[in-house]
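A.B. asks: The structure is given below, and queries will be raised subsequently.
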Amino acid sequence: MAYTLPALPYAYGALEPHIDARTMEIHHSKHHAAYVTNLNAALAKEPAFAAPECVNALIANLDAVPASIRGAVRNNGGGHANHSLFWKLLAPSPAVSAKSPSGALKTAIEKHFGGLGGLQEKFNAAAAGRFGSGWAWLVAKPDGSLAVISTPNQDSPLMGTAAGVETAGAPVLALDVWEHAYYLKYQNRRAEYIAAFWNVLNWDVAGERYAKAAAGSGAPAQAA
Ligand code: MN3
């Protein structure tokens, strides 16, 4: 089987002025496309390995991947999975989705961070503090609780603690802090890009992701 580059769910310029069209075009059509190409090339070297159809299932079980290609699958499968999620978590500006969390996600954010401001403070610090390339995440842990973490390279919370990821769980929010995600517009000013992210975050998608993760954990999926 071969993985394919998903279409962006909006135009390259749809996130302007927060994320510029040229950055989105290169990020999607070159960077994300290269992860897909390189993932397929790695898998082609081990034809006896039956990769799952879903890339999330692939990276969630790296131990099953032949050792000869495991590093390439981790990097490029992670890149494919992370970007596929990232595009869905962004919303055209002015936002077509809710501008703040609601429902069970809102309740959980209040419980774990004291509110949206507390979450943003932790998330921004994780995104700013990631040295070099990586991602910031809001993760729903298996018990339904929330945590903010960052990962290096293209590692994902889906890879799990067995793969050395700090906190395993389902990604609820994701922010790419590789320079390719912001350098054309923001150059060295990563903090400005992080601040701009909150203007184009799709809270509806984030809420659906949390509700699904919480339902799977047995934690209440609806706000009281
Ligand atoms: Mn990227």
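A.B. asks: Quick one: which residues, 5+ away or cross-chain, put their amide H under 5 Å from the amide H of Trp178? H built at 1.01 Å from N.
C.D. replies: Gly134
A.B. asks: For the chain, just the Cα atoms, rotate onto the principal axes and tell me the three extents in Å, largest first.
C.D. replies: 48, 42, 30
A.B. asks: Ranked from highest to lowest mean number of other Cβ atoms within 10 Å per residue, what is the order of the peptides 50-57, 193-200?
C.D. replies: Ranking, from highest mean packing down: 193-200, 50-57.
A.B. asks: Under 5 Å between amide hydrogens, which residues at least 5 positions from Gly115 or on another chain qualify, with H placed 1.01 Å from N in the peptide plane?
C.D. replies: Glu110
A.B. asks: Sorted by mean Cβ packing within 10 Å, highest first, what order do the peptides 18-27, 147-156 take?
C.D. replies: 147-156, 18-27
A.B. asks: So, in Å, what gap is there between the alpha-carbon centers of segment 29-56 and segment 108-182?
C.D. replies: Between the Cα centres of segment 29-56 and segment 108-182 lies a distance of 24 Å.
A.B. asks: Given N residues in segment 103-217, what is Rg(Cα) / (2.2 N^0.38 Å)?
C.D. replies: 1.03
A.B. asks: Mind ordering 77-84, 125-132 by average Cβ neighbours within 10 Å, highest first?
C.D. replies: Going from most to least packed, we get 77-84, 125-132.
A.B. asks: Separate question: D for segment 21-88, whole µm²/s, Stokes-Einstein with Kirkwood Rh over alpha-carbon pairs at 20 °C and 1.002 mPa s: what number?
C.D. replies: 175 µm²/s
A.B. asks: Counting helices only, and only those DSSP H runs with n ≥ 4, report the 222 nm mean residue ellipticity of the chain as the sum of -39,500 (n - 2.57) divided by its residues, in deg cm²/dmol to the nearest 500.
C.D. replies: When only DSSP H runs of four or more count, the value is -13000 deg cm²/dmol.
Computed from the coordinates by the stated procedures, all read-outs in this text should not be read as laboratory data. Small disclaimer: the values here were computed from a predicted structure and weren't measured. Here the Cβ is made from the backbone with ideal geometry for all residues, glycine too, and neighbour counts use every protein chain on show.
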